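Input: a single structure, listed below in structure tokens.
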Amino acid sequence: MKFNCIICHYGEIALKGKNRKIFEEELTENIKRATNPSFYKKVKRIEGRILIELKDDYKEKEMEESLKKVFGLTSFSFAFLVEQKIEALQKKALELIKIERPKSFKIFAKRSKKDFPLTSPQINEKVGAYVLQMAKGKLQIDKDKKIQTELKVDLENPELTCFIEIVQHYAFVYLKKIEGLGGFPVGVSGKAVSLISGGIDSPVASFLAQKRGIELVFVHFHAYPYVDKASLEKVEKLVKALNKYQFSSKLYLIPFAEIQKEILLKTKPSLRVLFYRRFMFKIAEQIAQKEKAKVLITGENIGQVASQTLENISVIEEAIALPALR
């Protein structure tokens, strides 16, 4: 089945006021960055949604996987853009239901264009009645028993839901909503420097920061050549994975062994980790100033290790002027 568009929905962005347009435009641009431009004719904002007009030779699976990585989308659907008339909605709904051949169905219409002559319940009734009448109760064939079963309307637990949306001068018909990541589009909340290690905490912190719309520059402190390249390679893989959500990334690899050696020789054992962290923060702050980033991001968890008590976190952060988000 070849659809002619994708209708994209967002959540939190809809709650924004005068700056909502900025969020919508950033989301539109991120959709363009994430997807193959040879698959679509146009990506544009419409009322409360983003519309992707597809070319005939698009690849559905590739488009789906790409859109699943775009922060800001709560859901998206491969749909048919049809004429804004009840007859066109009826025919397309019948066509889709015939292809799927369910035992029960439901029409779920949403009309944001209030001057459309029918209300949402009236659209549901007229389209549902048309499907039942034209199907004549013989859409579903039980292959085992070799008998035909009647198609029924089930409003509580339908096997198939046919969605209809009426918005501006558009009408959409589709069968499936694909869940998105939610949050805000990456870039709309500014830039931060993420201190990323080879563990799980800092990549998770980075992912959650991206979900709040923050574009990240990554910094990793390493002891190569005193240790092998395994940690460097692991961090590069982590950044490559996180890059799928912001489309381009910069990674600073900072040799830290000489600083560690000086701290080791000149400080008490109980203070060494604090000094390590303070120097890491000071270097990361310099990179943040260069990159015009507003904050640092870390994977610290309160009390997880000795250096992550409230007291130690406070002492470490005194070394810098920028705030650090954990």
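There is no residue in region 304-317 that is closer than 14 Å to VAL193 by Cβ, hydroxyl-bearing (Ser, Thr, Tyr) and open to solvent by less than 50 Å² (accessible area, probe 1.4 Å). Number of residues in region 232-259 that are part of a helix (DSSP H, G or I), open to solvent by less than 50 Å² (accessible area, probe 1.4 Å) and either at pLDDT 95 or above or within 18 Å of GLY299 (Cα to Cα) (or both) equals 7.
Pairs meeting the criteria (first residue in region 6-17 and over 20 Å from GLU165 (Cα atoms), second residue open to solvent by less than 50 Å² (accessible area, probe 1.4 Å) and assigned to a helix (DSSP H, G or I), beta carbons under 7 Å, at least 6 apart or on different chains) are LYS16/PHE23.
Can you name the residue in region 176-202 that is of a type in the set (Val, Ile, Thr) and not in a loop (DSSP other than H, G, I, E, B) and, of all such residues, is nearest to LEU322 (Cα to Cα)?
In the first step, residues of region 176-202 are kept if they are of a type in the set (Val, Ile, Thr); the result is 178, 186, 188, 193, 196, 200.
Now restrict to residues that are not in a loop (DSSP other than H, G, I, E, B): 178, 193.
On the way: ILE178: 39, VAL193: 11 Å.
Looking at the filtered set, the residue picked out is VAL193.
Given the residues GLU262, GLU285, which is the only one that is part of a helix (DSSP H, G or I) and open to solvent by 60 Å² or more (accessible area, probe 1.4 Å)? Within the list GLU262, GLU285, the selection yields GLU262. Assess whether PHE279 counts as being aromatic (Phe, Trp, Tyr) and either within 19 Å of the chain's Cα centre (by Cα) or assigned to a helix (DSSP H, G or I) (or both). Yes, satisfied.
Wholly within region 1-61, which strands (runs of 3 or more DSSP E) include no fewer than the required count, namely at least 2 residues that are open to solvent by 20 Å² or more (accessible area, probe 1.4 Å) and farther than 18 Å from SER75 by Cα?
Values: elements: 5-10, 40-46, 49-54.
Because the criterion is at least 2 residues that are open to solvent by 20 Å² or more (accessible area, probe 1.4 Å) and farther than 18 Å from SER75 by Cα, the strands (runs of 3 or more DSSP E) in region 1-61 that meet it are 40-46.
Here PHE105 does not fit the description of being of a type in the set (Phe, Trp, Tyr) and more than 24 Å from ILE166 (Cβ to Cβ). When every residue of region 76-87 is checked against the conditions, at least one turns out to be closer than 26 Å to SER189 by Cβ, under 15 Å from the mean Cα position of the chain (by Cα) and open to solvent by less than 20 Å² (accessible area, probe 1.4 Å).
A single entry from ALA306, ALA284 fulfils the requirement of being of a type in the set (A, V, I, L, M, F, W, C) and at pLDDT 90 or above: ALA284.
Every condition in (1) within 25 Å of the chain's Cα centre (by Cα); (2) more than 22 Å from CYS8 (Cα to Cα); (3) of a type in the set (Val, Ile, Thr) holds for ILE99 except the one numbered (1).
No other residue among ALA284, ALA205, ALA306 is closer than 25 Å to LEU27 by Cα and not aromatic (Phe, Trp, Tyr) apart from ALA205. Go through (1) open to solvent by 50 Å² or more (accessible area, probe 1.4 Å); (2) in a helix (DSSP H, G or I); (3) farther than 23 Å from ASN312 by Cβ; (4) of a type in the set (Val, Ile, Thr) for VAL227 and report which single condition fails. Evaluating VAL227 over (1) open to solvent by 50 Å² or more (accessible area, probe 1.4 Å); (2) in a helix (DSSP H, G or I); (3) farther than 23 Å from ASN312 by Cβ; (4) of a type in the set (Val, Ile, Thr) leaves (2) as the failure. Candidates are the residues of region 148-163 that are modelled with pLDDT under 90 and either of a type outside the set (Ser, Thr, Tyr) or in a loop (DSSP other than H, G, I, E, B) (or both); the one that is most open to solvent (accessible area, probe 1.4 Å) is GLU150. Determine whether LYS145 is part of a loop (DSSP other than H, G, I, E, B) and at pLDDT below 90. So LYS145 passes the test. Can you tell me which of (1) assigned to a helix (DSSP H, G or I); (2) out of contact with any Lys or Arg (no Cβ under 6 Å at 6 or more places or on another chain) is the one LEU322 doesn't meet? Condition (1) is where LEU322 drops out.
Anything in region 288-298 that is open to solvent by 20 Å² or more (accessible area, probe 1.4 Å) and in contact with a Lys or Arg (Cβ under 9 Å, 6 or more places away or on another chain)? List them, or say none. Walk me through how you get there before you give the answer.
The first filter runs over region 288-298 and keeps only residues open to solvent by 20 Å² or more (accessible area, probe 1.4 Å), leaving 289-292, 294-295.
Residues satisfying the conditions are GLU291, LYS292, LYS294, VAL295.
Scanning region 308-323 for residues that are touching a residue at least 40 places away in the same chain (Cβ under 8 Å) and in contact with a strand residue (DSSP E or B) (Cβ under 9 Å, 6 or more places away or on another chain) yields one hit, ILE316.
The values are calculated or read from the model by the stated rules, or taken from the named source; none is laboratory data. For clarity, every value in this text was computed on a predicted model and none was experimentally measured. Neighbour counts are summed over all protein chains in view; Cβ atoms, including those assigned to glycine, are modelled from backbone coordinates with ideal geometry. Surface areas here come from the heavy atoms of the whole protein model, side chains and all, with no ligands, DNA or RNA. Shrake-Rupley method; radii C 1.70, N 1.55, O 1.52, S 1.80 Å.
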